Amino acid sequence: MMKRQIIWLWVVAIFLLGFVNYGIVQKETLLRTGTLVLLEIGPRDPRSLIQGDYMAILYRLPEQIQIDDLPHSGQLVVKRGNHDVGELVGLYDGQTSLAADEIVVNYYKRRGDIEIGATSFFFQEGQAQVYEDARYGELRVASSGEAILVGLADQNFHTLGATYEDAVP
């Protein structure tokens with residue numbers, strides 16, 4: 001009986017490790033191959049006493065739509081313009097063909113707000129001044145609409161602070 005429990009414990013452990021590693025590989029692939037889009041961000045909260053230095057991200061993109069009329073989750077069509085800055089085109093119905101400069105971005109409605117990708121950007125303690133001039137969130141977006149926040153950019157579209165590419169050998 002004890003041997004069977006140990007076998008099941010190993011099976012579950014291997015399954016969990018495989019599941020976690022699969023998620024990591026997916027995120028790493030998105031970071032390398034996702035489409036870059038810059039979304040304008042609104043006012044930011046630069047510090048959390050409990051979590052350390054971070055910036056709460058509020059994307060200006062969702063402010064252009066009526067939040068109350070949206071389903072709990074869905075996809076937005078975003079047109080990439082100059083310097084890869086995204087502009088909201090509308091909701092994606094899943095059937096309309098996208099133009100060459102358009103992508104879909106998943107959204108989720110939570111607590112009366114629309115969330116796209118990450119809503120917080122963490123940085124090394126004492127580096128808040130580096131990110132004070134942030135005007136855009138840099139996201140990598142998969143063809144499925146999944147988005148990952150990879151950095152912040154200033155009004156001149158220059159990436160602020162360290163980038164993901166700096167950390168990858």
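The values are calculated or read from the model by the stated rules, or taken from the named source; none is laboratory data. Since the structure is predicted, the reported quantities are computational estimates derived from the model, not experimental observations. Here Cβ is always computed from backbone atoms with ideal geometry, including for glycine, and neighbour counts include all displayed protein chains.
Could you list all residues from segment 43-71 that are of a type outside the set (D, E, K, R), surrounded by 13 or more Cβ atoms within 10 Å (Cβ to Cβ) and either closer than 18 Å to ASN106 by Cα or modelled with pLDDT of 75 or more (or both)? The answer is TYR54, MET55, ALA56, ILE57, LEU58, TYR59, LEU61, PRO62, ILE65, LEU70.
Identify, please: which residue in segment 88-130 is among the aliphatic types (A, V, I, L, M) and free of Cβ contacts under 8 Å to residues at least 40 places away in the same chain and is, among those, nearest to LEU160 (Cα to Cα)? Step by step, filter segment 88-130, then rank; the result is VAL130. Scanning segment 93-119 for residues being within 18 Å of the chain's Cα centre (by Cα) and under 17 Å from ALA142 (Cβ atoms) gives a total of 11. For ARG110, the stated conditions hold: it is surrounded by fewer than 13 Cβ atoms within 10 Å (Cβ to Cβ) and out of contact with any Asp or Glu (no Cβ under 7 Å at 6 or more places or on another chain). Does segment 9-23 contain any residue that is at pLDDT 80 or above and in a loop (DSSP other than H, G, I, E, B)? The answer is no; no qualifying residue exists.
PHE121 falls short on exactly one of the conditions (1) assigned to a strand (DSSP E or B); (2) under 19 Å from THR35 (Cβ atoms); (3) of a type in the set (A, V, I, L, M, F, W, C), and that condition is (2). Scanning segment 28-38 turns up no residue that is at pLDDT below 85, closer than 21 Å to SER120 by Cα and in a loop (DSSP other than H, G, I, E, B). Against the test of being in the same structural domain as ASP101 (by TED's automatic domain parsing), of a type in the set (Gly, Ala, Ser) and in a strand (DSSP E or B), the options GLY137, GLY126 yield a single qualifying residue, GLY137.
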